[in-house]
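The structure under discussion appears below in the form of structure tokens.
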Amino acid sequence: MYAYKITAIFLSLAIAGPVYAELQELTRETRTRGTVTLKFDDQRIARDVLEKYLLIHPRVYARRFAKTYIARCTDAVIYYPCGTRNLDDYNYLDNAQVNVRRAEKRIQYLKGLNEVPELQPLTSYFEKLLSFSLELDKRVLRYFQNGNVSVLKESVEGLEPIHIVPGVLRKLATVESKHGMYWLARFQWRGAMFAHYKEALGAIPEGSWDAFLEAYDIKESYVPSAR
């Protein structure tokens, strides 16, 4: 009797076919990059974990973790009145410090992403890039505060400015106007140092995101922005 019931159960399962978990859906829309949708099995990866890692999607959100912006200022309550957004503005240095703290929080966010080993190359890449970018910003701000060009001559993560931007350093040694200081330090010195480091670091490891999708059988669709 019992053997018959068990056999009947197995036969009914075989006829019905395999049971698949109902896929969950996570959609995020960005203002400029488009809309990404992920379909996933929440028995394999939790929604909250996926939401955390979605913020480092290399083809959608990469800009957020690829560079710091000390001159950023908006109407958000965290900022002082923006003014000209240039060095001669009364609130420039205070707003720059707001951006430094925001960048430090993003770095801590990256350090806290440790649930998905397949995405470690991606989190490590952004952490290195953002940390270097922030260190450059801090040095530029120190120069703006005291006018001492020696802070821009010091080695940064093993890179020697004297070998990378010798001409810029010579100009910085004699510049007198705030506009000149701003242009040379923020754009020429910082831009060249960042570009040199980024080239040495290499391209964003987008393959780790694709490996992550495959490992957790996540289906991704992406609709680019029409803008």
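FYI, it's all coordinate maths here, none of it is from the lab. Because the structure is a prediction, the values reported are computed rather than measured. Quick reminder, even Gly has a Cβ in these numbers, built from the backbone with ideal geometry, and neighbours come from all protein chains shown.
Remarks
- The chain: angle of helix 206-215 to the longest principal axis, Cα-based, in degrees nearest 10: 20 degrees
- Point-charge dipole on Cβ atoms (K/R +1, D/E -1) for the range 60-162, about Cα centre, debye to 20: 120 debye
- The charge dipole of the range 35-104, taken about the Cα centre with unit charges on the Cβ atoms of Lys, Arg (+1) and Asp, Glu (-1), comes to about 360 debye, rounded to the nearest 20.
- When the chain is treated as a GNM with alpha-carbon contacts under 10 Å, the residue of L54, L122, L201 showing the greatest mean-square fluctuation is L201.
- For the chain, a crude dipole built from +1 on the beta carbon of Lys and Arg and -1 on the beta carbon of Asp and Glu, taken about the Cα centre, is about 720 debye to the nearest 20.
- For the chain, pairs of C-alpha atoms spaced more than 30 angstrom apart make up 43 percent of the total.
- Pairwise label distance in nanometres, D48 with A211, each label 7 Å out on the Cα-Cβ vector: 2.8 nm
- Lys pairs, the range 61-178 - Cα-Cα below 23 angstrom, 8 or more residues apart or on other chains: 16
- The mean sequence distance of close C-alpha pairs (under 8 Å, at least 6 residues apart), as a share of the length of the chain, puts its relative contact order at 26 percent.
- Nearest-ten-degree value, helix 92-111 long axis tilted from longest Cα axis of the chain: 30 degrees
- Against the chain, whose longest principal axis comes from its Cα atoms, helix 190-201 is set at around 40 degrees.
- Normalised per residue, the volume of the convex hull around the Cα set of the range 147-227 (Å³): 146 Å³
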